[in-house]
1. With every protein chain in place, what's the accessible area of LEU124 (1.4 Å probe, Å², nearest 10)?
2. Show me, for the range 50-65, the HN-Hα J-couplings you get by feeding each phi into the Karplus relation (A = 6.51, B = -1.76, C = 1.60, θ = phi - 60°), rounded to Hz, glycine and proline as x.
3. Can you work out the accessible area per residue across the chain, with the rest of the protein chains kept in place, probe 1.4 Å, in square angstrom?
4. Based on the alpha carbon coordinates of the chain, what radius of gyration and maximum Cα-Cα distance (Dmax) apply, in Å?
5. Quick one: Debye curve from the C-alpha atoms of the range 2-56, no solvent, what's log10 I(q)/I(0) at q = 0.15, 0.16, 0.19, 0.26 Å⁻¹?
6. Could you go through the range 15-29 in sequence order and give the Karplus-derived ³J(HN,Hα) for each residue, using 6.51 cos²θ - 1.76 cosθ + 1.60 with θ = phi - 60°, rounded to whole Hz, and x for Gly and Pro?
7. Carbon and sulfur atoms: what percent of the 1.4 Å accessible area of the chain do they account for?
8. Step through the table entries LYS17/LYS213; LYS13/LYS213; LYS6/LYS132; LYS6/LYS48, compare each Cα-Cα distance with 26 Å, and write down the pairs that go over it.
Amino acid sequence: MERLDKIISHAGKGTRKQVRALIKSGSVTVDGDLVSDPGFKIDPEHVKIEVDGELIYYTRYVYLMLNKPAGFITATEDTFHNTVLDLIDPEDRRKDIFPVGRLDKDTEGLLLLTNDGPLAHMLLAPRYKIPKKYCFETIEEIDKNSLSALLTGVDLGDYVATATSVRVLGSNNAELVIEEGKFHQVKRMCAAVGYTIIYLERTEFGPLLLDRKIPRGSYRYLTEKEIDVLREAVR
Ligand code: URA
C-alpha cells in the first residue's frame with residue numbers, strides 16, 4: 001500500500017507538494033471516487049487513478065542504463081561532488097532510484113540504476129556471481145603472461161581476487177571479467193601484477209552490454225527483454 005500523493009508524484013505529475021495541493025483541490029479520483037486526502041493509502045497496481053480525468057500509469061520499478069562519465073561519484077547525494085544522480089532527469093529521479101553497485105569516480109561505462117531494491121540486492125549478492133567485464137589501459141606495456149596470475153588469484157591482503165577471464169587487447173589495453181565487486185578491485189588486482197591503470201571502463205554487467213549508442217553521461221531505460229534477462233541472471 002502506498003500514499004496517493006507519492007504515487008501521483010512518481011508518475012511525473014509534480015512535486016509532492018504540488019500533488020498534495022492537486023489532491024486537496026478535488027482533481028483526483030480513485031476508481032471513480034473523489035479522494036481529497038493526499039495520505040490515502042492504496043495498492044496502485046489494482047486501482048484506476050485519474051487526475052482531472054487523465055489516467056495515471058503506474059510503473060513500480062524503473063531500470064536505467066547509464067553510460068557513466070569520469071568525474072561523478074557513485075552515490076545518491078554528496079555535499080562536495082557531482083553524483084551519478086545529477087546525470088538523471090528530475091522526472092526519472094522521482095522514483096527514488098539508486099545505483100546498483102559502485103564505479104570509482106574516474107571509472108566510466110555501464111552503471112545500472114533502479115528502484116528495484118530486491119533485484120539490486122540479488123545482483124550484488126556474492127552467491128549469484130554476476131560477471132562484470134572491464135576494459136582497461138595501463139601505463140606499463142602489458143606482458144601477456146603476467147596477466148595469467150589474475151586467473152589463478154592474486155592476494156590483495158584482505159582477500160584473494162580472481163578474474164574468470166582475461167584478454168589482452170593491445171600493448172597497453174586488456175579486459176577482464178570478475179564476479180565479485182570489491183572496492184577498487186580491478187585497479188588493485190592489476191597493481192598486484194605490476195600494472196597501473198590509467199583508464200577503466202565497465203563494458204558488461206551480467207547479461208547487459210554497454211549500449212555504445214548512449215552518449216557518455218546519458219542513459220536510457222532498459223528494454224523489457226533486458227529486464228527479463230537481468231531477472232533470469234538471479235534465478
Ligand atoms: N574496479 C575498480 O578498481 N574500480 C571500479 O570502478 C570498478 C572496479
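The values are calculated or read from the model by the stated rules, or taken from the named source; none is laboratory data. Everything quoted here is computed from the prediction, not taken from an experiment. In this analysis, Cβ positions are derived from the backbone assuming ideal geometry, glycine residues included, and neighbour counts consider all displayed protein chains. These area figures cover heavy atoms from the full protein model, side chains too; ligands, DNA and RNA do not enter into them. Shrake-Rupley method; radii C 1.70, N 1.55, O 1.52, S 1.80 Å.
1. Here the residue's solvent-accessible area equals roughly 90 Å².
2. 10, 10, 6, x, 9, 6, 9, 9, 9, 10, 5, 10, 10, 9, 10, 9
3. Per residue, the chain has an accessible area of 53 Å².
4. 21.8, 71
5. With no solvent term, the Cα-only Debye profile gives -0.30, -0.35, -0.50, -1.03.
6. 5, 4, 5, 4, 5, 4, 5, 4, 5, 5, 6, x, 8, 10, 10
7. Here carbon and sulfur together make up 50 percent of the probe-accessible area.
8. Exceeds cut-off: LYS17/LYS213; LYS13/LYS213; LYS6/LYS132.
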